[in-house]
Structures are given as C-alpha cells and as structure tokens.
Amino acid sequence: MRIAMIGSGYVGLVSGACFADFGHEVICVDVDPKKIEALEAGRMPIYEPGLEALVADNVRQKRLSFTTDLKPAVAGADAVFIAVGTPSRRGDGFADLSYVYAAAKEIASAVTGYTVVVTKSTVPVGTGDEVERIIREANPAAEVGVASNPEFLREGAAIGDFKRPDRIVIGAEDARAADVMREVYRPLYLNAAPIIVTGRRTAELTKYAANAFLATKITFINEIADLCEKVGANVQEVARGIGLDNRIGSKFLHAGPGYGGSCFPKDTLALVKTAQDYATPIRIVETVVSVNDQRKRAMARKVVTAAGGSVRGKTVALLGLTFKPDTDDMRDAPSLSIIAGLQDGGAKVVAYDPEGLEQARPLLAGVSYAEDAYSCASGADVLVIVTEWSAFRALDLPRLKGLMNAPVLVDLRNVYTPAEAEKHGFAYTGVGTTSANGAA
C-alpha cells in the first residue's frame with residue numbers, strides 16, 4: 001500500500017520506517033527542511049535503538065523516502081497518517097491541536113481517490129470529528145474516511161513494540177476505512193496481534209486512559225516507597241509481592257523520581273482538562289499529576305538531606321539526564337527539576353548521560369558536563385543516579401569512592417542495594433528502602 005506519514009518526529013519516523021519494513025511504500029513528510037535533509041543523509045533526529053539501521057535498509061530498498069512537499073506524497077496514497085506534535089498548550093494545559101488541524105487542511109487539498117486520513121498523534125476525544133469537518137469543508141469533493149489509530153510505543157523499545165504490539169486500536173466510523181486500516185496492518189497477521197476496531201472517540205480515549213493508568217501505577221508505587229522509608233519496609237519487595245498478582249502485574253511498579261517524557265505528563269494533563277470540560281472531573285488522575293510534579297522537586301531535597309542538610313558550595317554529580325534509558329528525550333525529565341532544586345540550594349552540578357547531553361545543554365544553565373561516569377564523579381561530594389542506563393548498573397564502586405570528595409551515593413533508581421554500596425564504604429540513600437544499618 002502507499003502510505004504518507006505527515007510528521008517525521010518520534011512517532012512518525014518510527015511508524016513510517018516500520019510500515020516500510022512491512023513492505024508498504026512510505027513517504028515521510030516534514031515541514032523542517034533541515035530534518036528532511038538529515039534523514040536523506042542517514043542522520044536520525046532522535047536516538048532510538050535500531051532505528052538508524054531500519055531507516056537505512058528501507059531507504060536502500062526504495063520503500064521509504066522523505067520530503068517537505070506534502071501534496072505529491074498525499075496524492076494517490078491509500079492512507080495518510082497525521083503524526084505531528086500535540087504539546088500541552090500554554091496557559092491551560094490542554095493539548096495544542098493547531099498542527100493537527102493545519103495538516104488536515106493541507107491534506108484536504110491534496111487527496112486523490114479514496115483515502116483514509118488517520119490521526120496517529122495523541123489527540124483528545126472528538127479531534128477526529130473536527131479533522132473530518134475541516135477536510136470536508138476545505139474540499140467537499142474529497143473521498144475520504146477519517147480514522148483514529150493511537151500509538152502505544154515505549155521510547156527505547158519502539159521498533160519492537162510496533163512490530164510485536166500488545167494490540168492495535170482502530171477507531172473508524174465506516175467499514176471501508178476500517179478495511180483499509182486492517183490491510184495496512186495485515187503483515188502483523190502472523191504475529192496474531194489483536195486488532196480492536198471501535199468508534200473514533202473510543203479509540204481516542206483509549207490512548208489517554210492507557211497512559212493515565214500507567215502513570216497512576218508509577219505514582220502509586222512512589223507513594224508506597226515514601227511510606228516504606230518511614231516504616232522500615234522495602235519497596236522493591238513490596239512491588240514484587242503485589243506485582244505477582246495477575247490482576248495487578250509487575251510492570252510500572254518501579255519506584256523512582258517520578259515519570260517524565262513526551263507522553264505521560266502531557267497526556268495526563270490533557271485528560272484532566274478534557275474531563276473538566278465535560279464536567280466529569282477525574283480526581284485520581286488530577287492527584288497523579290499533582291503528586292508527580294511535587295515528587296521531582298522532593299528528590300532534590302532527598303539529595304540535600306543525604307549531603308548532610310546542605311549542598312551549598314558542594315559538587316553534586318548526576319548520572320543520567322534523560323527521562324528514561326535508551327532515549328535522548330529530555331521532555332519533562334525528572335533531572336530538570338532535580339537540578340533546579342540543587343542549584344537553588346547552592347550546589348555546583350556536574351552531569352553525564354550516554355545519549356542526552358546534546359538535548360540537555362539548551363535546557364540546563366550552569367551545569368558542567370563530563371565524558372563518562374568516572375570523570376563526572378571526580379571531586380564530587382554526592383553522586384546521584386537519576387536514570388538507570390545499563391552503563392550505570394555495574395560501576396566500579398571502589399574506584400568511584402577513590403575519585404570523590406565524600407562517598408555519598410543517592411540512588412534514585414535503586415540500581416544498587418544498600419548492602420552492596422555500604423560494603424564499599426558509601427553512605428547510601430535509595431528510594432523506598434532503608435540502608436543496611438537501618439537509616440532511611
């Protein structure tokens with residue numbers, strides 16, 4: 001099939017490359033000529049394991065191409081996916097749909113023959129209705145179906161998630177559009193991936209509900225972690241104890257500094273705003289948003305406490321800046337709030353991240369950057385693990401201790417056990433656990 005992907009960011013590029021790998025003919029469109037130029041030269045605008053090789057292979061096979069010219073890409077396409085950004089709107093926190101609606105209007109003038117226009121971007125309930133209205137108003141003669149096909153990709157594992165999905169959700173109001181979408185995903189038939197066909201509004205809400213539920217699980221275990229510290233329990237063992245219950249499951253029960261990234265923060269907020277607009281406030285999700293915002297700043301206070309009650313004039317080394325490992329995404333990363341809190345307390349911050357330094361530099365003022373974990377820790381009074389990159393899971397603790405001014409380790413991801421760190425002479429602080437000598 002011929003597919004046009006409008007937007008070549010994270011969702012658009014990964015989806016386009018994977019569709020091409022299925023055997024479809026895919027053109028990725030973007031308004032940024034520098035991004036398209038880089039993609040044509042084989043340079044990825046994002047870091048995602050396996051993506052560069054996947055793109056290169058499908059470009060070589062002539063199934064994947066890039067352009068800034070929307071019209072020829074859309075003309076003759078069987079399906080046109082809208083995969084542009086929907087950031088939180090300034091002022092009210094609602095999803096900014098201006099890019100989605102602009103794309104819809106431009107698509108309307110370019111379609112030829114029957115075309116399914118698909119919102120792949122995460123959009124509030126009712127967006128598909130407005131996309132259809134815009135297209136029909138701009139081009140009454142257009143023969144189109146409008147569908148919703150939310151993505152459920154995890155950054156760092158997106159290609160595997162796309163090719164081996166838990167489910168494929170298609171929201172369509174007519175059988176013809178649904179049939180085209182089934183054909184788009186037909187290559188996944190052998191994987192027996194469940195295809196759920198619903199109404200458009202149901203599909204749109206499914207995406208938000210899924211992200212809000214996962215954000216709630218993260219926030220729940222983080223609050224249990226705080227209680228564990230007070231009562232002398234171990235949150236990792238609590239999480240295992242409840243996660244083995246099939247009704248609960250073990251995923252997203254890892255205590256830490258709070259969720260970040262491109263999805264959970266903006267999607268939970270957008271869901272809250274949508275519910276308020278319909279006079280059905282979602283109190284649980286409202287609390288999740290509030291608790292998560294407060295938690296990031298609280299992690300800075302945890303570091304200050306571990307440093308003896310003050311970080312003024314001290315050097316704090318941070319390992320990991322991105323919101324999670326295996327990505328360079330800094331959007332709403334906990335490190336941003338943690339660093340701000342430490343700098344407010346008078347600390348000098350040195351940081352290292354395997355992939356996120358380029359993205360971090362414009363967002364962080366007054367931070368020094370190191371080339372690796374050991375140079376980052378050199379001369380530090382406190383070492384803080386913020387992101388659980390694999391490179392930080394087997395650090396040479398005796399070497400780190402020898403490099404630091406003071407052997408203080410604050411492990412916000414519980415990569416190490418208190419006993420292991422303290423065996424090597426570190427004063428250890430984790431999340432939701434007590435040290436080997438009983439201190440929180």
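I'd like to know if the stretch 169-192 contains one or more residues that are within 24 Å of GLY16 (Cβ to Cβ), open to solvent by less than 50 Å² (accessible area, probe 1.4 Å), of a type in the set (Val, Ile, Thr) and not in a helix (DSSP H, G or I). Yes, some residue in the stretch 169-192 is within 24 Å of GLY16 (Cβ to Cβ), open to solvent by less than 50 Å² (accessible area, probe 1.4 Å), of a type in the set (Val, Ile, Thr) and not in a helix (DSSP H, G or I). The number of residues in the stretch 366-387 being open to solvent by less than 10 Å² (accessible area, probe 1.4 Å) and under 14 Å from LYS314 (Cβ atoms) comes to 5. Looking for something within 23 Å of the chain's Cα centre (by Cα) and closer than 25 Å to ILE46 by Cβ - is there at least one such residue anywhere in the stretch 186-197? Checked against the condition, which is being within 23 Å of the chain's Cα centre (by Cα) and closer than 25 Å to ILE46 by Cβ, the stretch 186-197 yields at least one hit.
Out of LYS230, LYS207, one residue alone is more than 20 Å from ILE284 (Cβ to Cβ), basic (Lys, Arg) and in a helix (DSSP H, G or I). It is LYS230. When the stretch 351-363 is filtered for residues that are open to solvent by less than 20 Å² (accessible area, probe 1.4 Å) and farther than 20 Å from PRO45 by Cα, only ALA351 remains.
Only one entry of LEU205, LEU214 meets the criterion of being surrounded by fewer than 22 Cβ atoms within 10 Å (Cβ to Cβ) and closer than 20 Å to VAL14 by Cβ, and that entry is LEU214. Contact map, the stretch 201-222: residues that are within 17 Å of THR86 (Cα to Cα) paired with residues that are surrounded by 19 or more Cβ atoms within 10 Å (Cβ to Cβ) and among the charged types (D, E, K, R), Cβ distance under 8 Å, separation 6+ or inter-chain. Pairs shown: LYS207/GLU151; LYS207/ASP267; TYR208/ASP267; ASN211/ASP267; ALA212/ASP267.
For the stretch 296-349, a tally of residues being more than 29 Å from ASP267 (Cα to Cα) and in a loop (DSSP other than H, G, I, E, B) returns 11. What number of residues within the stretch 275-303 satisfy the criterion of being farther than 24 Å from ILE339 by Cα and among the aliphatic types (A, V, I, L, M)? Residues that pass the stated criteria total 5.
Give the stretch 41-57 a look and list any residue that's outside any loop (DSSP other than H, G, I, E, B) and closer than 20 Å to LEU153 by Cα, or say none. Correct list: LEU51, GLU52, ALA53, LEU54, VAL55. Checking ALA38, ALA73 one by one, the residue that is part of a helix (DSSP H, G or I), small (Gly, Ala, Ser) and surrounded by fewer than 23 Cβ atoms within 10 Å (Cβ to Cβ) is ALA38 and no other. In the stretch 132-148, the residues that are open to solvent by 60 Å² or more (accessible area, probe 1.4 Å) form Cβ pairs under 7 Å with partners that are of a type in the set (Phe, Trp, Tyr), at six or more places apart or across chains, as follows: GLU143/TYR114. A residue that is open to solvent by less than 40 Å² (accessible area, probe 1.4 Å), part of a loop (DSSP other than H, G, I, E, B), over 23 Å from LYS120 (Cα atoms) and small (Gly, Ala, Ser) cannot be found anywhere in the stretch 275-284.
When THR122 is tested against (1) crowded, with 18+ Cβ neighbours inside 10 Å; (2) touching a Gly at 6+ places or on another chain (Cβ under 9 Å); (3) of a type outside the set (Phe, Trp, Tyr), just one condition goes unmet, and that condition is (2).
Going residue by residue through the stretch 363-372, is there one that turns out to be of a type in the set (Asp, Glu), over 23 Å from the mean Cα position of the chain (by Cα) and under 16 Å from VAL311 (Cβ atoms)? No, the stretch 363-372 contains no residue that is of a type in the set (Asp, Glu), over 23 Å from the mean Cα position of the chain (by Cα) and under 16 Å from VAL311 (Cβ atoms). Looking across the stretch 78-101, the residues that are open to solvent by 40 Å² or more (accessible area, probe 1.4 Å), touching a residue at least 12 places away in the same chain (Cβ under 8 Å) and outside any loop (DSSP other than H, G, I, E, B) come down to SER88, TYR99, TYR101.
The values are calculated or read from the model by the stated rules, or taken from the named source; none is laboratory data. Note that the structure is a prediction, hence the values are computed from the model and not measured. Note that we place each Cβ from the backbone using ideal geometry, even for glycine, and neighbour counts take in every protein chain shown. Side chains are part of the model used for accessible areas, which takes the heavy atoms of the whole protein and leaves out ligands, DNA and RNA. Shrake-Rupley method; radii C 1.70, N 1.55, O 1.52, S 1.80 Å.
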